[in-house]
Amino acid sequence: MIELHMNRVQNAMANAAKMIPPAWPLASSVAVNPFLGQTNERLASVAHRHAKISGVSLAMPRAWYIERIASGAITDFDLSAALASCPFGGKPHDLASLKEAALAAAEPIETLPTIAELAAKASRVAWPVLLGERIGAWAGSYFDEGQALWAAPRCRGAWASWKAYASHDLTPELQGLQGFGARVMSAPDSALETVARAVARLGLSDAEMPSYFHQLLLSLSGWAQLARYKLWKAELAGQSDATLGDLLAIRIFWEEALYDLSPMQIENEWASIRSAHGTGIEPSVSAIVDEILQEAWERAEHRKLSALMDSPAATARRKRPLLQAAFCIDVRSEVFRRALEQIDAEIETIGFAGFFGIFLKHRRFASDVEELRLPVLLNPSAASRSGDEKFSLEDRSARIRSRAIRAWGRFKQAAVSSFAFVEASGPLYAGKLLADGFALKRNDLPDEPQPIFDPALTLDDRARAAETILRAMSLTSDFARLVVLLGHGANVVNNPHASGLHCGACGGYSGEVNARLLAGLLNDQDVRNRLAQKGIPIPEDTLFLAGLHDTTTDSVKLYEQDQPASEHNLDLVKVRGWFAAAGELARAERALILPHASGSRSIQRRSRDWAEIRPEWALARCKAFIAAPRARTAGKSLEGRAFLHTYNWKEDSERGFPVLELIMTAPVVVASWISLQYFGSTVAPKLFGSGNKLLHNVVGGVGVIEGNGGAMRAGLPWQSIHDGNTFAHDPLRLAVCIEAPMEAMSDVLSRNTDIRQLFDNTWMHLYAMDDLGRISHRYRGDLQWDFLQAEVVSKADAA
């Protein structure tokens, strides 16, 4: 009987853990879908759950939608279509009822309090704040990755570490929780046993546990998400990790202790709350109306996108281009690509995932740290390092220098020396303070020795990788004289979230390493010979060259030293001029939407300004993903709001659509994580955002807290989605537009349940494009498609 009870508790813990999104550490942070584990439900159901257990809304205020209805941005057609597609029985029965419901204030859903909140009301002690601060003080040390001078021991796991810490923490007892230290010392050594004991003491049933556990984990905010990251990493490696379960044990231990503090005062209310946790999720009418209004707004935006795609495309190029520049699909590349193509007719651009198809773990120069430079959904299959044996002397010198810098930093922060250091050495830093304060210090882009595969790949592996990547890029013929593979990264100072501005497809790192490795592969004559045998002949005068697009300043660095070729020197002179001119155009366009920007020069200065809280907008405003030949979007301004992936379905069909499946299961998913993180951080910033940058302090080198304690905050900072006056990001779920046969896309969905759920439950919207690049069909769900002729007619009527 006891074993059965433990199994049920363990299952409930696992179910709650699946609903917590992972948060990557600051060194390699990437966007994450905050609704992971819940995409098998629709927005209204998830919104009802979060309103019930965390008190947040997952929609914009009703006035937001009403304003757009009144202005005509959302038409009756959009509202009717969204209403018709809504599957809930409790929805308004017609358009008039929907409009009437939209005008009414959203009905609040009663949020279930935790025992800590009940105890706070009974004792007038802010227990939720206190326990959050005490858990945070321990967690900041336990999860530390090099910031703390004295980190907590980790050898026995989080639960054991917390017990050792909390048994000597007098704060709870000073606040009235008598015997807390002794209670901690007598707690079971097993986190699972601790949770099971608390479940029995609190009277939780099997049906009540998952919702209650989910609520407790959400109350731990970023700490729970960081623990979920550890579980995510372990699961990718085929292993497991107990940290998240340990955190739940810590949190429920507090609940049990606070329950025992005043059981008679809170028991009746707690019984009612327990029962509410056990009821199923049946979305309220208010949540259903919010979902319909959200989808109506998204359909209105999709009509604008459809009208743009219907407009005449640029004239197809007939002669061989001098330059083909392959960019990451990142929305920031769209502005630069469009600017570059305006410069000269000899330029063609390509969109591809920024890790360039190399599933890489990499060691930087003079470092043994392995950086996973690939999408976080995947495991690495190749390893590399910067520099070969020729750089052994420089490697040793750099390591000695790094150790000296670390030792000096420790000395400055040590308890004994820190005060004397400030007094004695402060004046020596005057020059640095002035240079930093006036943004005079130049930030150089990465320029390490050329990376090499380590261990080296066999010729078969190199040729296979090169063929796979070129086919995935739809680049199998008509090569230019110069093909530049451009990774991207950001260039900022004093920004804990800097890695979030880098390439998400490279795991939160800049993309030049992958680009340099691929350029080396494609310039290898033995590889080219194999490619020719596979029907991909690369001209002898074609040179592949790697570069890095700095998205903060829109400058481009070329790694010419990797592939010296004198016959291309004149080409490179011309190409460098093109990149510089395109950078000017891109900066001018971006300056129009950046607060306090006054032109190209001000954009460059922002990257060096340590007081700048918005050096760039990153991926804010993203709303669409388009996989099609570049000719479909060339010359059309997508305003830096679309992920652009070059794709030719006719070539792909000859091999059974492997590239289509790759696009829909990898880049589309990464883009959905980005879109939904921006969505969550905008509609529910208290739960899914990291708060105000001006109040941030880095904790443990892994995350940020607001102020000097409490829970770690994950998600996007407020300044990443808001310009100080209004929202910079429109919280729209992604519109995915693919030029491919609907049957092929349905086939991919039928074999990939997780991806299908995202579309069936409208966490993304899927559209098919015809052979003229027009958006022709909308995915309805359940592998069904709707022809969009009716929407086209409606647009004409509305005009």
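The values are calculated or read from the model by the stated rules, or taken from the named source; none is laboratory data. All of these numbers come straight from a predicted model, not from anything done at the bench. When we count neighbours, we look across all protein chains shown, and the Cβ atoms used for this are built from the backbone with ideal geometry, even at glycine. Ligands, DNA and RNA are stripped out before the accessible areas are found, and what is left, the full protein with its side chains, is counted by its heavy atoms. Shrake-Rupley method; radii C 1.70, N 1.55, O 1.52, S 1.80 Å.
Rounded, prolate or oblate: which fits region 288-398, taking a ≥ b ≥ c as square roots of the Cα gyration tensor eigenvalues, rounded meaning a/c under 1.5, else prolate when a/b beats b/c?
oblate
Computed from the coordinates I sent, Kirkwood radius over Cα pairs in Å equals one of [x] 29.9; [y] 28.5; [z] 33.8. Tell me the label.
Structure-derived value, by its label: [y].
For region 378-409 and region 551-624, what is the separation of their Cα centres, given in Å?
28 Å
Report the Cys residues of the chain lacking a disulfide-compatible partner, meaning no second Cys Cβ under 4.7 Å from their Cβ.
Result for the chain is Cys86, Cys155, Cys328, Cys622, Cys737, no neighbouring Cys Cβ within the cutoff.
What ranking, highest mean first, results for peptides 191-199, 239-247 when packing means the other Cβ atoms within 10 Å averaged over each residue?
191-199, 239-247
Kirkwood Rh, Cα Rg: Rg to Rh for region 1-100?
Result for region 1-100 is an Rg/Rh of 1.12.
Select from Phe759, Val736, Pro717 the residue farthest towards the positive end of the dipole of region 687-799; place +1 on Cβ of Lys and Arg, -1 on Cβ of Asp and Glu, and compute about the Cα centre.
So the residue we want is Pro717.
At 7 Å along Cα-to-Cβ for each site, give me the label-to-label distance between Ser262 and Ile66 in nm.
If labels sit at Ser262 and Ile66, their model points lie 4.0 nm apart.
At a Förster distance of 22 Å, what's the computed FRET efficiency of Asn708 paired with Ser602, Cβ-Cβ distance as r, to 0.05? Don't skip to the end; give the middle numbers.
Numbers: r = 34 Å, r/R0 = 1.53.
For Asn708 and Ser602, the calculated efficiency is 0.05.
With viscosity set to 1.567 mPa s and temperature to 4 °C, compute the Stokes-Einstein D of region 393-517, Rh being the Kirkwood radius across alpha carbon pairs; µm²/s, no decimals.
Reported coefficient: 67 µm²/s.
Take Lys121 and Ala234, extend 7 Å from each Cα along the Cα→Cβ direction, and tell me the distance between the two endpoints in nm.
Those two pseudo-labels are separated by 3.6 nm.
Taking only the C-alpha atoms, wrap a convex hull around region 640-708 and report its volume per residue in Å³ as a whole number.
On the way: hull volume 9.5 nm³, N = 69.
That works out to 138 Å³ per residue.
When the dipole is taken about the Cα centre of region 171-223, and only Lys, Arg (+1) and Asp, Glu (-1) are charged at their Cβ, what size is it in debye, to the nearest 20?
With Lys and Arg at +1 and Asp and Glu at -1, about 100 debye.
Taking a probe of 1.4 Å, how large is the accessible area per residue of the chain, in Å²? Please list the in-between numbers first.
Numbers: 33760 Å² over 799 residues.
Per residue, the chain has 42 Å² of solvent-accessible surface.
Which is farthest toward the positive dipole end of region 226-335 among Tyr259, Ala276, Thr243, measuring Cα position about the Cα centre, with Cβ charges +1 (Lys, Arg) and -1 (Asp, Glu)?
Thr243
Pick out, from Val46, Ala84, Tyr779, the residue whose Cα sits farthest towards the positive end of the charge dipole of the chain, with +1 on the Cβ of Lys and Arg and -1 on the Cβ of Asp and Glu.
Val46
Dipole of region 538-645, Cα-centred, from +1 at each Lys and Arg C-beta and -1 at each Asp and Glu C-beta, to the nearest 20 debye?
Approximately 720 debye in magnitude.
Report the antiparallel proportion of the DSSP beta bridges in the chain as a percent, rounded to a multiple of 5.
Working: 25 of 62 bridges.
If we restrict to bridges inside the chain, about 40 percent are antiparallel.
Could you give the length gained by full extension between Ala84 and Asp310, i.e. 0.36 nm per residue of separation minus their alpha carbon distance, to one decimal place?
Taking 0.36 nm per residue and subtracting the Cα distance, the gain is 78.8 nm.
Taking R0 as 41 Å, what FRET efficiency do you get between Arg774 and Trp610 from their Cβ-Cβ distance, rounded to the nearest 0.05?
E between Arg774 and Trp610, to the nearest 0.05, is 0.30.
If I ignore ligands, DNA and RNA and count only protein heavy atoms, how much of Arg608 is accessible to a 1.4 Å probe, in Å² to the nearest 10?
Here the residue's solvent-accessible area equals roughly 80 Å².
Roughly speaking, what is the centre-to-centre gap between region 348-371 and region 78-98 when only Cα atoms are used, to the nearest Å?
47 Å
Please give the peptides 390-400, 659-669 ranked by average Cβ packing (other Cβ atoms within 10 Å per residue), highest first, as a rough proxy for protection.
Descending packing order for the listed peptides: 659-669, 390-400.
Of the accessible area of the chain, with the probe set at 1.4 angstrom, what percent is carbon plus sulfur? Mind showing how you got there, number by number?
Details: 18270 of 33760 Å².
On the chain, the fraction of accessible area on carbon and sulfur atoms equals 54 percent.
So which lysines can Lys361 reach, going by Cα to Cα under 25 Å and dropping same-chain residues fewer than 8 places off?
Cross-link targets: Lys230, Lys233, Lys390, Lys557.
Might you report the magnitude of the Cβ-based charge dipole of the chain about its Cα centre, with Lys and Arg at +1 and Asp and Glu at -1, to the nearest 20 debye?
For this selection, approximately 1420 debye.
Would you kindly give the portion of the calculated P(r) for region 112-160 that falls above 17 Å, as a percent of all Cα pairs?
49 percent
Can you show me the helix-derived [θ] at 222 nm for the chain, built from DSSP H runs with n ≥ 4 at -39,500 (n - 2.57) apiece and divided by the number of residues, rounded to the nearest 500. Display every interim value, and only then the final one.
Numbers: 32 runs with 378 residues, N = 799.
Calculated at 222 nm, the ellipticity per residue is -14500 deg cm²/dmol.
Using 0.36 nm times the number of residues separating Thr665 and Leu174, minus their current alpha carbon distance, what extension gain do you get?
171.4 nm
Using alpha-carbon positions, what is the distance between the centroids of region 259-281 and region 168-189, in Å?
So the separation of the two Cα centres works out to 23 Å.
How long is the gain from Gln757 to Val573 if the chain were fully straight, where each residue apart is worth 0.36 nm and the alpha carbon distance is subtracted? Provide the component values of the computation, followed by the final result.
Numbers: separation 184, 0.36 × 184 = 66.24 nm, distance 4.94 nm.
Stretched out fully, the Gln757 to Val573 stretch lengthens by 61.3 nm.
With 25 Å as the cut-off, how large is the P(r) tail for region 668-799, expressed as percent of Cα-Cα pairs?
45 percent
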